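Working notes, beginning with the structure itself.
The values are calculated or read from the model by the stated rules, or taken from the named source; none is laboratory data. Because the structure is a prediction, the values reported are computed rather than measured. A quick note on method: Cβ atoms are made from the backbone with ideal geometry, for glycine too, and the neighbour counts reach across all protein chains shown.
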Amino acid sequence: MTQPDRLPAERIRTAADLIDAGETGSAQPHAHARWDLAYEGLDGWKPPTVEQLERMLSTDGKAAMLEQALTLPLRGAVPLFDAPDGDRGQTEWVREHLTRPANAGGMGVPLDLVLAQQTAAVWQRRAYFEKVWRATPDGRVGYDKIAWRPAATCTLQRDVRTGAYRGFSQQVPKVEDDGRGGQRVAGTQTVTLGPPRSLVYIHGQHRNPLWGASDLELTWLIADTKRKIRFLWWKFLENVSFPSSTITTDATPQQTDELNRAGRMAAGLRSGGVLPLPAGWSLAAFDSNGQGASQFQAALDWLSAEQATSVLAGFSNLTDPGKSGGSYALSRDATDLFTAGRDSVLREIAATNTSYLVADLVRWNFGADAPSPRMRFAPLREVDLATTVELLQALADPSERSVVPPEFVEQLIVKVAGYLELDVDRVRRALQPERPTVDSSPVEQVAQVARTTERAARLVLARDAARAA
């Protein structure tokens, strides 16, 4: 039987009617499955657990390198806060509250560490945090800490029908008095943290909006195959290093006892051992020549390359053992695509923190109608940084800067300040009091900017050519 719409289309006449319609559909991907089965999939595929992914990072060198490549650029990103229209001081207060050192009244866990912990969701799918609140010295409400919670102990909570976010639950130790003035752990218990006290960054929502996705799921599957190949390879090398022996006797096939005795004697012989042989017997090593090792190596190399390609880090294969190098231009293109992907992850982290970290501070301290500042991160692209700095250096010459629009120079200085982790707002305010006069025509100004930009571009090309050489 078809479930009717909560509010038929013919009854929606006003905005109030549209609001009353509420939510009718569901984010459940399989209508007849439980939420946990919906995440695992009906075809029997179960994604790796956090424990399995951690084990992979401890045993597979390529996987560990890829995890570093995926998270290191994110951990070094610089958080910025953009003031909204109608700002009443909330942006400065939020920035100060989140970045103030702990010994000066700030959060117990530095914001940089919280952001670094959020990057673990790149391979764990989700990063869980408990928002611990406190009263601030200025009479407001702020965070005592954004406390990380291990993903392996947490379960995301969602509305059964719509899939709406409902916080998360965690298995925590159940502590009781041991009767001697101390404490002991007596099992576990479940605690649930609702949206006001929880923060969950879900990675890969473009692939799995409800539960997120790990960038290293395919890497884990390949690592499991590599582990099996390595086992076979080690066995092969063992046989090559300690070859089998063959004994030739004058015994006939009917003399089974004599043949079995010869076999046991050969099997018990070890490297450097001495074996007395009866008359008519001869001993020889079984030569396997070791040529099959290259097949194992080729298989592992292909699987490692597949791991890197799955996360757009194919450029990392240029540094693998045995590689003689590759095209710098191709590597440059690959790294640019990889960096663009890391920038998109930073935008997702910033959007989560804006909605569930910054907005809550504004709501409880400046009112529900106060606009919230927006968190963002400075771009990661190295080429942008190099080009911008070189362009600014070219404009340092007064003879050239005098005919460039001052607005262009100001925006360039502010951009460089963001790259260098300076206080952007302070730099912007310092540029406001006076602006140089511009006597040249707009056409000449544009032409001068074009010439200067071209000069900076030539410097970048020369630098890249030197690196390639």
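The single condition from (1) at pLDDT below 90; (2) in a helix (DSSP H, G or I); (3) of a type in the set (A, V, I, L, M, F, W, C) that Leu42 fails is (2). Please determine whether any residue of segment 142-165 is in contact (Cβ under 8 Å) with a residue 40 or more places away in the chain, part of a loop (DSSP other than H, G, I, E, B) and under 29 Å from Leu80 (Cβ atoms). No: zero hits.
Cβ-Cβ under 7 Å, sequence separation 6+ or interchain: first residue in segment 325-348 and charged (D, E, K, R), partner modelled with pLDDT of 60 or more and part of a helix (DSSP H, G or I). Which pairs? So the pair list comes out as Arg342/Pro73; Arg342/Leu74. In the condition set (1) in contact (Cβ under 8 Å) with a residue 60 or more places away in the chain; (2) loosely packed, with under 13 Cβ neighbours inside 10 Å, Asp138 is compliant with all but (1). Within segment 67-81, the set of residues being surrounded by fewer than 19 Cβ atoms within 10 Å (Cβ to Cβ) and part of a helix (DSSP H, G or I) comprises Gln68, Ala69, Leu72, Arg75.
Would you tally the residues in segment 136-166 being at pLDDT below 90, of a type outside the set (D, E, K, R) and either within 30 Å of Gly105 (Cα to Cα) or outside the structural domain of Glu54 (by TED's automatic domain parsing) (or both)? Selection size over segment 136-166: 3. For segment 335-362, a residue qualifies if it is crowded, with 20+ Cβ neighbours inside 10 Å, more than 25 Å from Pro195 (Cβ to Cβ) and more than 16 Å from the chain's Cα centre (by Cα), but none of them does. Residue selection: Met56 fails the criterion of being in contact (Cβ under 8 Å) with a residue 12 or more places away in the chain and farther than 30 Å from Ala223 by Cα. Of all residues being closer than 18 Å to Leu80 by Cα and of a type in the set (A, V, I, L, M) in segment 98-108, which is farthest from the chain's Cα centre (by Cα)? Just the residue, please. Only one residue tops the list, namely Met107. Could you tell me whether Gly179 is assigned to a strand (DSSP E or B) and either exposed (fewer than 12 other Cβ atoms within 10 Å of the Cβ) or not assigned by TED's automatic domain parsing to the domain that holds Glu130 (or both)? No; evaluated as a whole, the condition is false for this residue. Those helices (runs of 4 or more DSSP H) of segment 296-413 in which 2 or more residues are at pLDDT below 85 occupy 328-353, 382-394, 398-401. Suppose the filter is among the small types (Gly, Ala, Ser) and in contact with an Asp or Glu (Cβ under 7 Å, 6 or more places away or on another chain); does Gly108 pass it? Answer is yes for this residue.
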